[in-house]
Amino acid sequence: ETGAITMDPGYKNSGSCKSEITFLDGEEGILRYRGYSIEDLAEKSNFLEVSYLLIFGELPKAAELEKFETDIRKYTLVNEEMKNIIDGFPKNAHPMGVLASLTSALTAFNPKSVNVANEKDMYEAVCKTMGKFLVIATWTYRKNMGFPLNYYDNTKGYVENFMRLMFELPTGPYKNNPVVINALDKLFILHADHEQNCSTSTVRMVGSSHAGLFASISAGVSALWGPLHGGANQAVLEMLEEIQANGGDADKYLAKAKDKEDPFRLMGFGHRVYKNFDPRAKIIKKAADEVLATLGVDDPILTIAKKLEESALQDEYFKSRNLYPNVDFYSGIIYRALGIPTEMFTVLFAIGRLPGWIAQWKEMRINKEPIGRPRQIYTGAPLRPFVNAENR
Ligand code: SDX
């Protein structure tokens, strides 16, 4: 119930850890941030408030949340010289690769390392990371499109700024749609943390050597990029578009996913921990219906996704392996309806996951955890004498 994982008696920090941040129950499909259910937070909270909860451990009072947003705004300007770095990338560079590089480059422009023991330093690093990461994340899209890079508008909200930074053109102001803002805010909440997943464990591991916060977050971005992890949301859309292009036969792809000779896996299905429905997938599926209906979007891809889900949930292969839709299965459908380009889907996952990465890095450092050093089971050659080249 406490969510603590038994420490590996063999070695200190061999990969499993204790944390107070997020509780998962894979069998029951339960997800809680600091004890609050994901259903409650998705329904009643907002992304900056949930970010504060994850990072500082408590839901903020109204004045604390207002101060948090004000303090983030102090750091939303990104050093102009960072543009020289982004200009070095080819136009078609994948946004996640650009984001990982720009995030690490932030260290060059903010060299002061984080003194986690000093609350003021830690708080400043949190606000700086929340402010600058959002801006550089959208720069990856602007670069891709050949558009001028936008600046954060401190008179507007955090999620509202994301859409402006992405889509506002010199030809005129971007008109935000509250339905889009609410949907994105909810999606960011649902992605905000998820215990010791691949990218979060990477952030903790890199941070355990006392590498800086930006360097650790940059490593997390790279881990999230993989199609088995955060890159799955892009892979789901590409899979659904391929099904659509091939006549919409979802069952053919289900058969492919079961064919042991074929490395194809049904993207958006299965999970290392959830052996039941991913609670986030349920919320996102409901949000997808609401957002598409409100925006008047009739997307055949959503129909294909629902058909695929229905077939998989009845299929013995999938049922016997507890393969259910995960957080990535429906998120891309909403992003697409909001006008977000497919290659930016995993960048949005990173924006949502940022407060979780920060919270986990902060916890690991404040707890003075030792440097990560997983051990191994050696299966190589036994001791043997050296043989000169002429005798090999
Ligand atoms: C995320 O860890 C987190 O919390 C991650 C995340 C987060 O918030 O940080 O939740 C975000 O990464 C969600 C997962 C997104 N990835 C995908 O949707 C990619 C497709 N899913 C799979 O690659 C897979 O399900 C994993 C990687 C997610 C989980 O793999 P597991 O638990 O290691 O499962 P496995 O590889 O041991 O497979 C068990 C069986 C195998 O068959 P058998 O060998 O028993 O015959 O299930 C099969 C697998 O072949 N299987 C699948 C499948 N996933 C597992 N078969 C078809 N399609 C799939 N998607």
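The values are calculated or read from the model by the stated rules, or taken from the named source; none is laboratory data. Not measured: the values here are computed from a predicted model. A quick note on method: Cβ atoms are made from the backbone with ideal geometry, for glycine too, and the neighbour counts reach across all protein chains shown. Side chains are part of the model used for accessible areas, which takes the heavy atoms of the whole protein and leaves out ligands, DNA and RNA. Shrake-Rupley method; radii C 1.70, N 1.55, O 1.52, S 1.80 Å.
List of remarks:
- Relative packing of peptides 303-309, 384-390, 76-82, 217-223 - highest average C-beta neighbours within 10 Å first: 217-223, 303-309, 76-82, 384-390
- Between Glu238 and Thr171, the distance separating the two model label sites (each 7 Å from Cα on the Cα→Cβ line) works out to 3.0 nm.
- Cα-based radius of gyration of the chain once divided by 2.2 N^0.38 Å, which approximates compact folds: 1.03
- Among the GluC sites (Glu not before Pro) in the stretch 231-279, those placed in a DSSP loop whose Cβ has at most 16 other Cβ atoms within 10 Å are Glu261.
- Estimated FRET transfer efficiency (Val387, Lys319; beta-carbon r; R0 41 Å; 0.05): 0.15
- Trypsin sites (Lys or Arg not before Pro) within the stretch 41-135, DSSP loop, no more than 11 other Cβ atoms inside 10 Å: Lys61, Lys91, Lys112
- P(r) histogram, all alpha-carbon pairs of the stretch 213-320 included - 5 Å bins from 0, percent: 2, 10, 17, 22, 21, 13, 8, 4, 2, 0
- Computed about the Cα centre, the dipole magnitude for the chain is approximately 1080 debye when only Lys and Arg (+1) and Asp and Glu (-1) carry charge, each at its Cβ.
- Enclosing the Cα atoms of the stretch 275-392 in their convex hull gives a volume equal to 268 cubic angstrom per residue.
- Of the DSSP H helices in the chain, those whose Cα atoms cover at least 30 Å axially and whose Kyte score averages -0.5 or more: 119-145, 345-366
- Peptides 325-333, 207-215, ordered by how many other C-beta atoms sit within 10 Å of their residues on average, highest first, read 325-333, 207-215.
- The stretch 84-157: chymotrypsin sites (Phe, Trp or Tyr not before Pro) in DSSP coil with no more than 15 other Cβ atoms inside 10 Å: Tyr151
- Each of Val221, Gln314, Gly247 was scored by the projection of its Cα onto the charge dipole of the stretch 196-315, and the greatest displacement toward the positive side belongs to Val221; charges sit on the C-beta of Lys, Arg, Asp and Glu.
- Counting protein heavy atoms only, the stretch 260-331 has 51 percent of its accessible area on carbon and sulfur, 1.4 angstrom probe.
- In Å, descending, principal axis extents of the Cα set of the stretch 128-184: 29, 28, 20
- Solvent-accessible area per residue for the chain (1.4 angstrom probe, square angstrom): 47
- Magnitude of the charge dipole, the stretch 197-268, Cβ model with Lys/Arg +1 and Asp/Glu -1, debye to 20: 380
- Helical content alone sets the calculated 222 nm signal of the chain at -17500 deg cm²/dmol, taking -39,500 (n - 2.57) per DSSP H segment of four or more residues and averaging over every residue.
- Dipole-positive endmost among Gly97, Tyr75, Tyr123 within the stretch 30-138 (Cβ charges, Cα centre): Gly97
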